[in-house]
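Read the structure below first, then the notes.
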Amino acid sequence: MTVTVSDRVRALDRDIRAAAPHLCAERALLVTRYFKTRADPHQPTVMQKAEALRFLLANKAVHIYPGELLVGCFTAHRVGGGLYPELHGVAVLEDLFAFETRPVNPLRLAPGDRYRLLAEVLPYWVTRFLAMRAFPLRRALAFVKDQLAPRFYLINETGGVSHFVPDYAGLLRHGTSGYRAMVARELASVAPGSAEESFLRSVLIACQALEEFAAGYARKAAELAGAETDPSRREELREIAATCRRVPAQPPETFREALQAILLAQIALNLESLDNAVSPGRLDQLLWPTYQREVAAGRLDAQAAFELLGCFALKLCEIVPAFSRRITRFHGGLFNGQVVVVGGQDRDGADATNELTMLFVELMDQLRTRQPNYHARLHPGSPRSYRARIAAALAAGAVSPALYNDDVIVPLVRSRGASLEDARDYATVGCVEPVASGNSFLSTDAALVNVPLCLELALHGGRQPRAWQRTGAATTAIAGCAAIADVIELLRQQLDFALHRLLDDLGAIERANGRWHPTPLTSMLLGGCIANHRDASSGGATYNGSGIQAVGVVDVADSLSALDHLVFRECRATLAEVASACRNNFAGAEKLRARLRAAPRYGNDDAAADGMVGRVMTLFADLLRARTSWRGGEYVAGFYSVTAHQAFGEVVGALPNGRGAGEPFSSGLSPQSGAERRGPTATLCSMAHLPLAVAKNGANFNLELAPWVGAEEQGAAWLGALIDGSFAEGGMQLQVNVLDPAVLIEARDHPGRYPGLLVRVSGYSAYFDDLSPKMKQEIIDRTMYGRPNALSRHS
Amino acid sequence: MQQQGLIFDVQRFSVHDGPGIRTTVFLKGCPLRCRWCQNPESLRPRQEIAFFAERCRGHGDCFAACPHAALRRSPAARLDRERCTGCGDCAGACAAAALRRVGRSVTVAELLAEVSRDRSFYASSGGGVTLSGGEPTLQMPFIRAFAAAATGAGLTVGLQTCGAFSWSAFAPLLADLALIHYDLKAIDGRLHRELTGADNRAILSNARELAERGAPVLFRMPVIPGANDTADNLEAVARFVLGLGARRLHLLRYHALGESKLAALGQPRPPMPDDGLASRHAEASLSGAVRRLRELGLEVST
Ligand code: SF4
Ligand code: SF4
C-alpha cells in the first residue's frame, strides 16, 4: 500500500514535538469553580458531576492549530496534562514548586497558574479529594502518606477508574441524539426522584455537554474561516465548522466526521473520569463501514484517509499525564494508555483484517508517535501480508505494535463471563489488559502489588531487615522449612496478609468512586449502563471486575527456584545462610550469591524454573479470588508492571535469586535481564508455557532482539517467525524492541540528540528522553542481554 | 533411540546454519586439526574440563571436590590432564563457573526431545536441526539414528561436515538429510595436510559422490588469511566445485575466537602464524576471495 505521511501531518508532528509539555490548570480551575460557586448541593452527585463536565467543556479554551483537519484540545496548551484535584490531583501538587525544574518529565506552568492552583484549587479539595472521602480522617491521612511512597501496594484507583474501551461503535451509530432518545425511553420506566432517574438525567446533561463542546469548535472554525486569507485553508476551516455542527450530535456520515466525533468524545471522556487509558479500541473495525462507503462513492481514497488517521493519532499525543515525581516512579514515560487495536477476528470468528488495518500498520511505522498505544491482534487466520508488514516494521526498529494472540485472549475474556461474540470483539486497555469492547468496566489498573516484598517478609519472619517493627504477618522462622513447599506456604501467608489489607483499602476506594466520582458520559458510552439505569462507577456496565497486578513475580519465582536448587536439592547452603546473606546484601557472601545466580532461572525453557513462575502466578490469582469487587465482578490478576518493578524494587532488600537490595525487579513476565542464556526461542517458549489462563488482566512480555537481527536481509522474516512460533506455542502477548544499544547509550548521554527515539517500556511506548535515568538504564541492559549468541562457527 | 552421542552444545535460534530458525547440535570430536580452529572444545572425542583462569576467584572448592587429586593450586597449571578423568565434579563445585564441563552424552531420544522444543519455530520459519561439530560423522551410528528419528518426527535435518568420512558408512544417512554444508579448505593434498593435519582424498571423493547423487549440498570454504586464500588454492577450489557441476560456494569469514578457549582446554596453540594479523586481514582476504571466485565463474555468498 503506497501511502505516505503528508507534509501537513509532518508539520503537525513537528509542532507537537516542539511544544513544551505544560501542567494545565484549566480543568482544575473550572471544576473547582463549578463546585464552589454553581453546584447545587441538594442535587444528586451524579448530576452535579454531569453539570461540572458541561461547565468545563463549555468554558475551556478552544484552539484550532494551523493545518489541523480534526479539532479539539485536551488542555489549554498544545501539549499538556490536566489536573484532577477531586481524585489524586492534590497529591500531584506536591510538585507544585518543582514541575519546571525536575529533571525527569518537567512540566511548565502558565504565568499565574501556580498561584491560582495554590489559592483556589488546593484549599477547596484538600479535605475533599477521593482518598479523604474514602476513609475516616486519620486513616485517610495515613493512607495518602503511604501511597505516595508505597511499599506493599499502590492503589491506582484512588485516582479514578477510567481504563475502558468506550462504545464508539454506539456513538457512531446513534450520535448523542440517539442516546437522548434511548434515555428518554428509559426515563419512562423509572420512579421520579429515584437514583435511577438522576442517573438517566445526568446522561442527558452529558449529551448536552458534548454537543456544546462541538458547537464551540464549530463557532471557532467559522470565525477563523472568516478571517482566513488562504482560500484552501478557508475551505478546510469551513469543513471543520460543518463537521462540528453535525457530530457528535448526529451519527457521522463521512470518515472525517466519524474521526471527529470519536476525538471529541475521547477528549471529553478523559476530562470527565481520568486521563488514563481511555482506549479507543478497534478503530479499523469501527471506521470500516464508513471508509468503505466513502471510498466506493469516490469521496475518499487511501491517502486521504491515511492523512486523517495521522491527524487523529497526533491529537492523542497532545495529552500527557501530570504526575508528581513520586507518582512518576510507578508510571514513568508520559503514558496515557490510549490503545488503538487493529486486526484479529470479528464477532463471528472470521478474520477482520481490512484495508484500514493495513493503513494503521503503515501509520505505526511511518509516523512513530508516543500515543496512541498501538496493539495488533493475531490469530491463525491473519493474512500473511499483515503479519509480514508488522514484522518488517518491528525489525526496522518501530516499537509498535505490541502483539496479541487471539487464541489465548479470547478464551481468557470469555472466562470472565463475556459471551463468545463479545470476547472475540475484545480490545486492550491501557498497557496490556484485554476487555470486551464497549461494555466492560474492569478497573484494569486498580492496584499494583509488591510480591517480592512478601517473599522478603517470609524469609525474615514478617519483619524487613533493619525495620523498626513487623509489617508483615507473624510467620514462623524460615529455618523450619523442610521443603520448598514450606517456603511457598510462608510466602502465601505473607501475600494473603498483604492482599487482605489491599482489598480492604480498595473496597473503600471503590465505594468512594461510586459515591463521589460517578461518570455519566463514560456510562453513556458503556453498554449496560443506560439499560441498567446505573452509573458505571456503581457497576452499571455489562461486565464488571477489577484487575490487580502482581509485580516482581519472576524475581520471586527465581528466588524460590534458587532456594530449591541450592538448599533442598544440592544441599550446598541452608535457608538460614541464604536469609542472612540477603539481610546483608550478600556482603562477604559473593560465592553464595554466584551459586544462587547460577541456579536454573526462568526464561531458558527449563520446565522446573518456568513452572515455579506459574506456581507463583497461580498462588497470587487464587488469593484474589476470595473476594469480589464492590461494583460486582471478580478480582483478577495481571502481570505487567508499568515502571513499578523499579519503584517497588527500591524498598526491597536482596533476594535469593541474587538480585541486590534496591535493584529493579524484572518487568512483567519477562525474564530478569541477563537470566536468559539460551536465546529468544527458549525465552519465548518459557513465556508461552506459563499458566496464562490465570493472567486474566493481561501480562507483558518483552522480546529484545539485537540490532543485527534487524540489519540482516532476513531479519523481518526471522522476527515474524519468532512471533508466529511463540503464538503457536501458546504465547499471549509480545512487545518487540529491535534497538541498537549504541544508539541508546548515546541518547542517554546526550538527551535531546534523539528526540524521536521511541522505546517499548512495559505495555506501552515512550520517548527515551522522557524516561528516568534508571529506566533508561534498564532499557539499555535489556537490549544488551537480548543479543543472541549467534557467532558463526565453522570447522 | 538409546544410542549415545557426545555433544558439547545445543544452540537454539541459529539462523546462519541453514534456512529459517534452526537448532544447531555440536558434536564432539574431529579428525582434522585445522590451524585456525575456532572450536577447540570440539576436537577431542571425550568429555573434558575447561578451566577459565580469569574467572577463578580462588575459592578452592574444586580441590576438595576432585576425587582424583587432579587439581593444583596454581591457576596457571590448575588441571593435571593426565589424572583428570573428566568426571565433572569440580565444575559442579565451582561457584565461579571457572571450571566447566565440556561435552555431555545424550541418547537419541533425549536429543530429539531437546531439539523438538523449538518445533513451532521451525514450522513458522522453514527451519530445522543442523548437526555440526566437531565432525558429526565421527559419530556415524548416532547421527544416523538421530537423523532418522528426527525426520520421522517431522523435523528436517541438516549436516555440516568436513567430508572426512567413509562413504559406505555415510550413504544410509543421505536420505534423512535436507541440507549438507560441505566444507572445503584446500584442494592440493600437501597444502591440506599442512593446514589441517589430514589427508583430503576422502574429502574430495566424498564430494564427488554427493554431487553425482544430486545431494542437497552447499559447498563452503573458510577463508583464512595467509593460509588458504592464495591464488592457487582459490583457483583449485573453483575448478573443483565447478567440475562437480555445482555453481555456488559459500565463504566463511575468519574470526579469531579460539585462543582463550584453547588455553582453557590446556591445548598447545596450533601453529597459526599470527592470529592478530590474520584477523586484521580477514575482511580484505574475504573480499579478495569473493572477487576472484566470482571471476572464476562461481556464485559466491558470504
Ligand atoms: S572452585 Fe572455581 S573459583 Fe574456586 S578455586 Fe576452584 S576454579 Fe577457582
Ligand atoms: S573433572 Fe573430575 S577428575 Fe577432572 S579435575 Fe574435575 S573433579 Fe577432578
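Yes or no: residue A:413 under 21 Å from the mean Cα position of the chain (by Cα) and within 18 Å of residue A:717 (Cα to Cα)? So residue A:413 does not fit the description; no. For the stretch B:73-83, the tally of residues that are within 8 Å of ligand 2 (Cβ to nearest atom) and part of a loop (DSSP other than H, G, I, E, B) stands at 2.
On the given criteria, is residue B:21 buried (at least 21 other Cβ atoms within 10 Å of the Cβ), touching a residue at least 12 places away in the same chain (Cβ under 8 Å) and within 14 Å of ligand 2 (Cβ to nearest atom)? No: the conditions fail for residue B:21.
Taking the stretch B:42-85 as the range and being aliphatic (A, V, I, L, M), more than 8 Å from ligand 1 (Cβ to nearest atom) and under 17 Å from residue A:591 (Cβ atoms) as the test, only B:64 passes.
Number of residues in the stretch B:18-35 that are within 25 Å of residue B:197 (Cβ to Cβ), outside any strand (DSSP E or B) and at the interface with another protein chain (Cβ under 9 Å from one of its Cβ atoms): the value is 3.
Taken together, the residues in the stretch A:75-108 that are in a helix (DSSP H, G or I) and of a type in the set (Gly, Ala, Ser) amount to 2.
When the residues of the stretch B:1-17 are narrowed to those that are away from chain A (no Cβ under 12 Å) and over 12 Å from the mean Cα position of the chain (by Cα), which ends up surrounded by the fewest Cβ atoms within 10 Å (Cβ to Cβ)? Among those residues, the one meeting the criterion is B:2.
If I filter the stretch B:71-78 for residues that are within 14 Å of chain A (Cβ to nearest Cβ) and surrounded by fewer than 22 Cβ atoms within 10 Å (Cβ to Cβ), do I get at least one hit? No, the stretch B:71-78 has no match at all. Residues in the stretch A:381-396 that are farther than 20 Å from residue A:728 by Cβ and assigned to a loop (DSSP other than H, G, I, E, B): 1 in all.
Among the residues that make up the stretch A:287-301, is at least one of them in contact (Cβ under 8 Å) with a residue 12 or more places away in the chain and buried (at least 24 other Cβ atoms within 10 Å of the Cβ)? Yes. If you go through the stretch A:237-278 and keep only what is aliphatic (A, V, I, L, M), outside any helix (DSSP H, G or I) and modelled with pLDDT of 95 or more, you end up with A:247, A:249, A:278.
Among residues of the stretch A:748-769 being at pLDDT 80 or above and not in a loop (DSSP other than H, G, I, E, B), the one that is farthest from residue A:699 (Cα to Cα) is A:749. For the stretch A:696-705, the criterion of being out of contact with any Cys (no Cβ under 6 Å at 6 or more places or on another chain), within 11 Å of chain B (Cβ to nearest Cβ) and surrounded by fewer than 20 Cβ atoms within 10 Å (Cβ to Cβ) is met by no residue. Taking the condition more than 10 Å from ligand 2 (Cβ to nearest atom), under 30 Å from residue A:730 (Cβ atoms) and free of Cβ contacts under 8 Å to residues at least 24 places away in the same chain, does residue B:125 pass? Criteria not met by residue B:125. Say we look at the stretch A:669-685 and pick out the residues that are more than 10 Å from chain B (Cβ to nearest Cβ) and under 15 Å from residue A:610 (Cβ atoms); which of these is surrounded by the fewest Cβ atoms within 10 Å (Cβ to Cβ)? Ranking the qualifying residues of the stretch A:669-685, first place goes to A:677. Checking each residue of the stretch A:184-206 against the condition of being under 25 Å from residue A:289 (Cβ atoms), buried (at least 16 other Cβ atoms within 10 Å of the Cβ) and of a type outside the set (Val, Ile, Thr) gives no match. Just wondering, is there one or more residues in the stretch A:179-198 that are at pLDDT 95 or above, closer than 21 Å to residue A:265 by Cα and in contact with a Pro (Cβ under 8 Å, 6 or more places away or on another chain)? No - not one qualifying residue is present in the stretch A:179-198. Being more than 10 Å from every other protein chain (Cβ to nearest Cβ) and touching a Pro at 6+ places or on another chain (Cβ under 9 Å) is the filter here, so list the residues in the stretch B:122-136 that pass it. Selection gives B:128 alone. Applying the criterion of at least 1 residues that are within 15 Å of ligand 1 (Cβ to nearest atom) and out of contact with any Gly (no Cβ under 7 Å at 6 or more places or on another chain) to the helices (runs of 4 or more DSSP H) found wholly in the stretch B:86-134 leaves B:89-93. Quick check: is even one residue across the stretch A:109-118 over 21 Å from the mean Cα position of the chain (by Cα), assigned to a helix (DSSP H, G or I) and free of Cβ contacts under 8 Å to residues at least 12 places away in the same chain? Within the stretch A:109-118 (the criterion being over 21 Å from the mean Cα position of the chain (by Cα), assigned to a helix (DSSP H, G or I) and free of Cβ contacts under 8 Å to residues at least 12 places away in the same chain), the answer is yes, since at least one residue qualifies. In the stretch B:95-121, the qualifying residues are those that are in contact with an Asp or Glu (Cβ under 7 Å, 6 or more places away or on another chain) and under 19 Å from residue B:19 (Cα atoms), and the one that is farthest from the other protein chains (Cβ to nearest Cβ) is B:117.
Within the stretch A:706-733, take every residue that is within 20 Å of residue A:606 (Cβ to Cβ) and buried (at least 23 other Cβ atoms within 10 Å of the Cβ) and give me the one that is farthest from the other protein chains (Cβ to nearest Cβ). Looking at residues that are within 20 Å of residue A:606 (Cβ to Cβ) and buried (at least 23 other Cβ atoms within 10 Å of the Cβ), I get A:732.
Residue-wise test of (1) more than 7 Å from ligand 2 (Cβ to nearest atom); (2) farther than 28 Å from residue B:139 by Cβ; (3) over 24 Å from the mean Cα position of the chain (by Cα); (4) at pLDDT 85 or above.
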{"position": "B:43", "(1), (2), (3), (4)": "yes, no, no, yes"}
{"position": "B:50", "(1), (2), (3), (4)": "yes, no, no, yes"}
{"position": "B:57", "(1), (2), (3), (4)": "yes, yes, yes, yes"}
{"position": "B:64", "(1), (2), (3), (4)": "yes, yes, yes, yes"}
{"position": "B:68", "(1), (2), (3), (4)": "no, no, yes, yes"}
{"position": "B:71", "(1), (2), (3), (4)": "no, yes, yes, yes"}
{"position": "B:85", "(1), (2), (3), (4)": "no, no, no, yes"}
{"position": "B:91", "(1), (2), (3), (4)": "no, no, no, yes"}
{"position": "B:98", "(1), (2), (3), (4)": "yes, yes, no, yes"}
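Looking at the stretch B:37-59, which of its residues are facing chain A (nearest Cβ under 9 Å) and crowded, with 19+ Cβ neighbours inside 10 Å? Hits for the stretch B:37-59 are B:37, B:38, B:39, B:42. For the stretch A:220-230, give me each residue that is without any contact (Cβ under 8 Å) to a residue 12 or more places away in the chain and either within 33 Å of the chain's Cα centre (by Cα) or assigned to a helix (DSSP H, G or I) (or both). Within the stretch A:220-230, A:223, A:226, A:227 qualify. Here is the figure for the stretch A:548-598: residues that are farther than 22 Å from residue A:151 by Cα, within 38 Å of the chain's Cα centre (by Cα) and more than 14 Å from chain B (Cβ to nearest Cβ) total 3. Taking the criterion of being out of contact with any Gly (no Cβ under 9 Å at 6 or more places or on another chain) and modelled with pLDDT of 95 or more, the only residue of the stretch A:82-97 that qualifies is A:85.
Considering (1) within 14 Å of chain B (Cβ to nearest Cβ); (2) closer than 27 Å to residue A:587 by Cβ, the lone condition that residue A:652 does not fulfil carries the number (1).
The values are calculated or read from the model by the stated rules, or taken from the named source; none is laboratory data. If you're wondering where the values come from, they're calculated on a predicted model, not measured in any experiment. Cβ: placed from backbone, ideal geometry, glycine included. Neighbour counts: every protein chain shown.
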